[in-house]
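The values are calculated or read from the model by the stated rules, or taken from the named source; none is laboratory data. None of the values given here were measured: they were computed from a predicted structure. All Cβ positions, even for glycine, are placed from backbone atoms using ideal geometry, and neighbour counts span all protein chains on display.
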Amino acid sequence: MKNIFKIMLSTLVIVLGTGCAFAFPDVSDTHWAAKQINELSERGIIVGYPDGTFQPDENVTRAEFASMAIKALGQDGIHVAQPVKFTDITPEFWAYDSIQKSLYFDLISYSPESTLFRPDDSVSRAESISMAVNALTTQEITDIKAVEVLKQYSDLASVPASFLIPAGKAEILNMLVTIPSENSKKIEATRPATRAEVSAILYRMIEEARLNPNAKLAEVMSKKKGDGYVIDGATVQGSIGTIPAGSIVPIRLTKAISSQINQSGDIYVAVAPMNFVTKENYILIYKGSTFKGQLLDVRKGKWFVRNGVLVLDNNLIVTPNDQTAKFPASGEITKHRNWFMKIVRALLKGEKLENFPDNSVDVKLLNPIKIDLTNGWIIE
């Protein structure tokens, strides 16, 4: 792809302003994309039909999209020295120059093995959004990050693999345009894009060009650092951190438990009293994360028979980003004794065990845990 980002920074920042809107009779003031349509129309980036209408709900053809995109990029004046030859468009075709410029900038796809451009075919939402995002930024994100930022959309599972990362970048940059309706939480990647949607996408592309989108994506993809409890064996590979099995971490119960009152099977809730971090201070588990489990073994302390027993069996973690994931760990509540009391309890027994919310309990992780260090998302 040609480096359009630099071109856009130098040309787009002056495109949008505060000019007077040009009104189309079929685009009311209450239309969800009225502002975007009217402003782009005034600047000649989009045009209406000969009868004066805009027809916002009509699909956008590949030829129309090429024309809109090149005007939005401010590249009307360039000349393509070696145009791509197609049998279904000629130099006399109304959008021929825009199509060739769009191909030059890799804004619209075509098959090099085919002699057809298909100018009247509809452009999909995935194609139009990908164009805008890829023209705007060179910063990449991972597919894991894309899934995390897109999880609110009910049709995420049906998004084509080739569109997953562009869609994630578009969501981060507020460019994943959806029509306010019952389908507003759907990406609808393969549906043809309407003229209103393409207008909104191009408008947001132009606005975002003024806000350093590369820096915004880079910030989202940066590994977060902080102070906290260091897990010595934790490793980092790329943006993924791993807590190995056998690691010891402290948790703090939210309610008191007692060997004399509680029973096996009772549910407990605990929190992370501090961040759990790598030796490089990358945050693995955030302070305030919630742990949930049950008391695996509870036995009352009885004089001359046995000391009390309290064993925790942790199952789940709920992270600050509302993810619930598996966090298998176990721990036993004990009392710290000096040498004299150790002898006493070994002989007399009968110790009662209690744990209060201001005390931490160490638990041992039973399975390794992988975490996205850019956002604390646990990878299962």
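General remarks:
- Search result, residues across the stretch 165-213 that are loosely packed, with under 15 Cβ neighbours inside 10 Å, in a helix (DSSP H, G or I) and not basic (Lys, Arg): LEU211
- For the stretch 225-237, the candidate set comprises residues that are crowded, with 17+ Cβ neighbours inside 10 Å and either aliphatic (A, V, I, L, M) or under 20 Å from the mean Cα position of the chain (by Cα) (or both); within that set, the residue that is farthest from PRO119 (Cα to Cα) is ILE231.
- Residue that is at pLDDT 80 or above, assigned to a strand (DSSP E or B), in contact with a Gly (Cβ under 9 Å, 6 or more places away or on another chain) and crowded, with 20+ Cβ neighbours inside 10 Å, where the choices are VAL269, VAL361, VAL311: VAL361
- Considering residues of the stretch 130-158 that are in contact with a helix residue (DSSP H, G or I) (Cβ under 6 Å, 6 or more places away or on another chain), in a loop (DSSP other than H, G, I, E, B) and not hydroxyl-bearing (Ser, Thr, Tyr) only, the residue surrounded by the most Cβ atoms within 10 Å (Cβ to Cβ): ILE141
- Pairing residues of the stretch 49-66 that are on the phi > 0 side of the Ramachandran plot with residues that are in a helix (DSSP H, G or I), at Cβ distances under 9 Å and at least 6 apart in sequence or on separate chains, gives GLN55/ARG195.
- Boolean, ASP88 is in contact with a helix residue (DSSP H, G or I) (Cβ under 8 Å, 6 or more places away or on another chain), outside the structural domain of PRO320 (by TED's automatic domain parsing) and among the acidic types (Asp, Glu): no
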